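These notes concern the structure reproduced below.
Just so it is clear, none of the values below were taken in a lab; they were calculated from the coordinates. Just so we're clear, the structure is a prediction, and the values are computed from it rather than from any experiment. Positions of Cβ are generated from backbone atoms using ideal geometry, with glycine treated the same way; all protein chains shown enter the neighbour counts.
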C-alpha cells in the first residue's frame, strides 16, 4: 500500500514537472537570450547578429544580446554552441565559413552543421566583389584574366584563410581554367595567380589600399565606402545577378564565365535538442522581423538580399553549400591550417 502511494506521489510530481516545463516553453522567452556570433565585433557577421538581436528584442519584448566568440574562422564559437543547454536561451549565428567551408577544409571538424543544429531561418545573402587598387592597369575582368594567363606567377591576390573571399577566388580560378576552349576537351590556360595570406579582412584591406597587393575578393558591403571614395576599383561581383549597390558593375557570369556564382550568407540556428515549440516561436519571430520595412531598407541599402524565410529552406540551403564548397576545396587541394 505504501509502495503504491509512493508511486502515485512520484507520478504526480513528474506530471507537475512536465506541465511546468511545457508552460515555460510556451511562455518563451521569459529572460534574456544570447546569440553567439562566432567572429569578432565589427564584421558583416557581427552586424547581422546585432540587427537580428534588435529585431527579436522588439518582437518578443525580451532582450536578445550578442556574444562575440571569435577564433578558427568561426569554428570556435560554433563548437561552443553545441556545448550549451538546448533550452532556447543560447542561439548561434551560422554562416558560409563555419557551416559550409569548414567541413570541406576539415572533415573532422568537431561538429556537424546538419545534425548538431536546428536551423531556424536565413538572414542574408550577399556577393563578394573583385576589387583592384586604382593604380592597377585593369579596367575590366577580361583585361585581368588575359594578363594573368600571359604572365603566370606575376599577379598576386590577398585572401583570409577559409573566408568567403578565399573560396570565391578558388572557384574563380577553377572556372576560368575549365572554361570553353576552341578545341574539344582542351582547357583554357590557368590564371597562375599567387595568393598572399592575411589574418583578417582589416589587414588585407590595408594591404590593397596601400598597393601591397593588387587585387582580392571581399564582401561588397566592406568594399563599398572605399569604392565610393575612389580608393578601390570594382571589376565584377560574384552573384548571379547584378547587385543593387553596384548597378554598373557586371557579374563574373556575364563577363564570360556564365556558370560562376559565389555568395556570402548567414542565418540563425539553435543547438539540437531545443524544444520544437521554441523553434516554432523563433521561426515565426524571424519571419516577422525580416519582413519589416526597416530591415528590408537596411539590407537593401547595403546590397544584401533577404532570402526565403523558414527552417526548411535554410536547412536545405546549408546542405547544398556544404556539398558545393567541399568539392571546390578538394579540387583546389586546400589543407587545414
Can you figure out the FRET efficiency of residue 231 with residue 189, using R₀ = 30 Å and their beta-carbon distance, to the nearest 0.05?
0.45
Where does each of 298-304, 224-230 land if you order them by average Cβ count within 10 Å, highest first?
298-304, 224-230
Does anyone have the angle between helix 164-177 and the longest principal axis of the chain? Alpha-carbon axes, 0 to 90°, nearest 10?
50
What do you get for the angle between helix 276-290 and the principal long axis of the chain? Use alpha-carbon atoms, 0 to 90 degrees, nearest ten.
40
Scattering curve values for the range 196-245, log₁₀ I(q)/I(0), Debye with Cα scatterers, q = 0.13, 0.16, 0.28, 0.29 Å⁻¹:
-0.31, -0.46, -1.24, -1.30
At 7 Å along Cα-to-Cβ for each site, give me the label-to-label distance between residue 150 and residue 240 in nm.
3.5
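Over 36 Å, how big is the tail of the calculated P(r) for the chain, in percent of all Cα pairs?
Summing the P(r) of the chain above 36 Å gives 27 percent of all pairs.
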Which value in nm describes the separation of the simple spin-label points at residue 284 and residue 331, placed 7 Å from the Cα toward the beta carbon?
4.5
Cα gyration tensor shape for the range 45-96, rounded if a/c is under 1.5, else prolate or oblate:
oblate
Take every DSSP beta bridge with both residues inside the range 102-249 and express the antiparallel ones as a percent of the total, to the nearest 5.
60
Residue of 146, 221, 87 that the Gaussian network model of the chain assigns the largest fluctuation, springs spanning Cα pairs under 10 Å:
146
How long is the gain from residue 323 to residue 291 if the chain were fully straight, where each residue apart is worth 0.36 nm and the alpha carbon distance is subtracted?
8.6 nm
Hey, what number do you get for the chain at 222 nm if only DSSP H runs of n ≥ 4 count, each worth -39500 (n - 2.57), divided across all residues, to the nearest 500?
-13500 deg cm²/dmol
Taking every DSSP bridge whose two residues both lie in the chain, the antiparallel percent to the nearest 5 is 60
Along the principal axes of its C-alpha atoms, what lengths does the range 128-255 span, in descending order and rounded to whole Å?
44, 30, 28
Can you give the Rg to Rh ratio for the range 214-337, taking only C-alpha atoms and Rh from Kirkwood?
1.02
For the chain, what is the relative contact order in percent, using Cα pairs closer than 8 Å and at least 6 residues apart in sequence?
26
Mind checking the angle between helix 311-332 and the chain's longest principal axis? C-alpha axes, 0 to 90 degrees, to the nearest 10.
40
How far, in nm, would the chain grow between residue 312 and residue 30 when pulled straight, counting 0.36 nm per residue and subtracting the alpha carbon separation?
98.9 nm
Roughly speaking, what is the centre-to-centre gap between the range 318-337 and the range 93-114 when only Cα atoms are used, to the nearest Å?
10
Let me check against my output: what whole-number percent is the relative contact order of the range 128-255, with C-alpha pairs under 8 Å and at least 6 apart?
40
